[in-house]
Amino acid sequence: MKFKNMYIEQITAIDGSVMMSSDGEIVGIGVILDGESSAECNINSSRGARYNSAIKYTYSRKQNNEKCIAVVVSEDGDVNFIVDGKQM
């Protein structure tokens, strides 16, 4: 399914992540991100599961030499970009 702007609100209201390919194709909705934690990860206990899952997931992808960016949109409206287990 190709990404359409009119569906952003409905898709992102679903619990979990929206996973997209590098060309913008949605490959998963409601995806639970999982990854191993490391001392190199900047886990922040004051942030929620959405943020910390993105940190661990992108760090794990880096360990497998895979490129990955996570965009975390918090319920309070903050937007964070996570690359290689670190907030940019």
**Prompt:** Among the residues of the stretch 28-39, is any in a loop (DSSP other than H, G, I, E, B), hydroxyl-bearing (Ser, Thr, Tyr) and surrounded by 13 or more Cβ atoms within 10 Å (Cβ to Cβ)?
**Reply:** yes
**Prompt:** Which residues, taken from the stretch 40-74, are under 22 Å from Asp23 (Cα atoms), of a type outside the set (Asp, Glu) and either in contact (Cβ under 8 Å) with a residue 60 or more places away in the chain or assigned to a loop (DSSP other than H, G, I, E, B) (or both)?
**Reply:** Asn64, Asn65, Lys67, Cys68, Val73
**Asked** Somewhere in the stretch 57-79, is a residue modelled with pLDDT under 85, within 13 Å of the chain's Cα centre (by Cα) and among the hydroxyl-bearing types (Ser, Thr, Tyr)?
**Response** yes
**Prompt:** Can we say Gly77 is within 20 Å of Gln10 (Cα to Cα) and either assigned to a loop (DSSP other than H, G, I, E, B) or hydrophobic (A, V, I, L, M, F, W, C) (or both)?
**Reply:** yes
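The values are calculated or read from the model by the stated rules, or taken from the named source; none is laboratory data. All values reported here derive from a predicted model rather than from experimental measurement. Reconstructed Cβ throughout: ideal geometry from the backbone, glycine too, with neighbour counts over all protein chains shown.
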